[in-house]
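Notes follow the structure.
The values are calculated or read from the model by the stated rules, or taken from the named source; none is laboratory data. These numbers were taken from a predicted model, which means no experiment stands behind them. Note: ideal-geometry Cβ built from the backbone for every residue, glycine included; neighbour counts use all protein chains shown. Please note that ligands, DNA and RNA were not included when accessible areas were found on the heavy atoms of the full protein model with its side chains. Shrake-Rupley method; radii C 1.70, N 1.55, O 1.52, S 1.80 Å.
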Amino acid sequence: PAALVRAALAGTQAPLVSRWGHILLRRALASRLAAPEGMDPIEFATLRVRALNAMGEYAVARALVQDIDTANYSPALVDAAIDAYIGTADIVGACPAVRLVDTDREDPQWNMLAGICNAYAGEATRAQNDLRRLQSRGQGETIDVLFAQRFAGAAGDGRRAVTIEWDGVEQVTPWRFAMANALGEPIPEDRLQRVLERAAA
């Protein structure tokens with residue numbers, strides 16, 4: 001029943017305790033499956049992607065969303081897809097969804113992604129202006145916007161030096177981890193150790 005599938009997938013919010021259970025669920029979610037009767041296929045895909053993200057299976061989730069035509073994305077699937085792309089440090093991979101799907105998002109992360117995607121679409125000057133505006137207005141943490149500026153700068157010919165400062169930054173978020181990996185920016189050892197400790201807990 002659709003209601004049971006919906007409840008089971010929505011309730012999957014962390015990796016499974018059982019290793020074999022985790023493997024079996026990952027394989028099931030990654031398989032080509034018809035939506036349960038009474039459930040919209042895009043909702044079913046969204047629930048599967050969210051569950052895979054929650055399990056830490058970002059690469060599998062990304063493969064799933066890449067198999068869906070962007071024209072069919074819902075705003076909820078866009079959000080789940082972006083989590084998968086950030087989880088795999090494939091920032092540019094999110095650009096089709098960011099540029100083509102209508103959503104009402106105006107949060108800092110969305111605006112930073114929009115700036116990056118504009119840069120990689122050949123609008124480098126517009127992208128840098130938009131990102132500098134975000135920084136000057138205090139929309140988004142400084143380090144996050146600096147990461148976005150540096151990433152966007154790699155797409156244009158008007159590159160400028162952007163120094164990433166970790167002073168005063170306590171938390172390594174998925175965005176910061178993905179950006180640091182994509183840009184080859186070292187994460188301070190003490191912050192990285194905290195991430196590893198949380199992951200092992």
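Pairs under 7 Å by beta carbon, first residue without any contact (Cβ under 8 Å) to a residue 12 or more places away in the chain in the stretch 42-61, partner part of a helix (DSSP H, G or I) and surrounded by fewer than 22 Cβ atoms within 10 Å (Cβ to Cβ), six or more apart or different chains?
Cβ pairs passing all conditions: none.
Please verify whether Trp166 is aromatic (Phe, Trp, Tyr) and touching a residue at least 60 places away in the same chain (Cβ under 8 Å), treating the condition exactly as stated.
no
Need the failing condition index for Ile143 against (1) over 14 Å from the mean Cα position of the chain (by Cα); (2) farther than 20 Å from Asn181 by Cα; (3) not in a loop (DSSP other than H, G, I, E, B); (4) not charged (D, E, K, R), just the number.
(2)
Just to be sure, is Val5 without any contact (Cβ under 8 Å) to a residue 40 or more places away in the chain, surrounded by 16 or more Cβ atoms within 10 Å (Cβ to Cβ) and part of a helix (DSSP H, G or I)? Let's see the steps before the verdict.
Working: without any contact (Cβ under 8 Å) to a residue 40 or more places away in the chain: no; surrounded by 16 or more Cβ atoms within 10 Å (Cβ to Cβ): yes; part of a helix (DSSP H, G or I): yes.
Taking the combined requirement at face value, the residue does not satisfy it.
Restricting attention to the stretch 185-194, report how many residues are open to solvent by 60 Å² or more (accessible area, probe 1.4 Å) and not in a helix (DSSP H, G or I). Quick ask: steps written out before the conclusion?
Residues of the stretch 185-194 open to solvent by 60 Å² or more (accessible area, probe 1.4 Å): 186, 189-190, 193-194.
Still in the list and also not in a helix (DSSP H, G or I): 186.
Total meeting the criteria: 1.
When you look at Arg133, is it among the basic types (Lys, Arg), out of contact with any helix residue (DSSP H, G or I) (no Cβ under 8 Å at 6 or more places or on another chain) and either in contact (Cβ under 8 Å) with a residue 24 or more places away in the chain or open to solvent by 30 Å² or more (accessible area, probe 1.4 Å) (or both), yes or no? Explain how you work it out, then say what you get.
Working: among the basic types (Lys, Arg): yes; out of contact with any helix residue (DSSP H, G or I) (no Cβ under 8 Å at 6 or more places or on another chain): yes; either in contact (Cβ under 8 Å) with a residue 24 or more places away in the chain or open to solvent by 30 Å² or more (accessible area, probe 1.4 Å) (or both): yes.
Considered against the rule, which asks whether it is among the basic types (Lys, Arg), out of contact with any helix residue (DSSP H, G or I) (no Cβ under 8 Å at 6 or more places or on another chain) and either in contact (Cβ under 8 Å) with a residue 24 or more places away in the chain or open to solvent by 30 Å² or more (accessible area, probe 1.4 Å) (or both), Arg133 comes out as yes.
Only one residue in Leu16, Leu33 is at pLDDT below 95, in a loop (DSSP other than H, G, I, E, B) and closer than 25 Å to Ala94 by Cβ. Which one? Step through it out loud before you land on a result.
On the way: Leu16 fails: closer than 25 Å to Ala94 by Cβ.
Result: Leu33 is the single residue among Leu16, Leu33 that is at pLDDT below 95, in a loop (DSSP other than H, G, I, E, B) and closer than 25 Å to Ala94 by Cβ.
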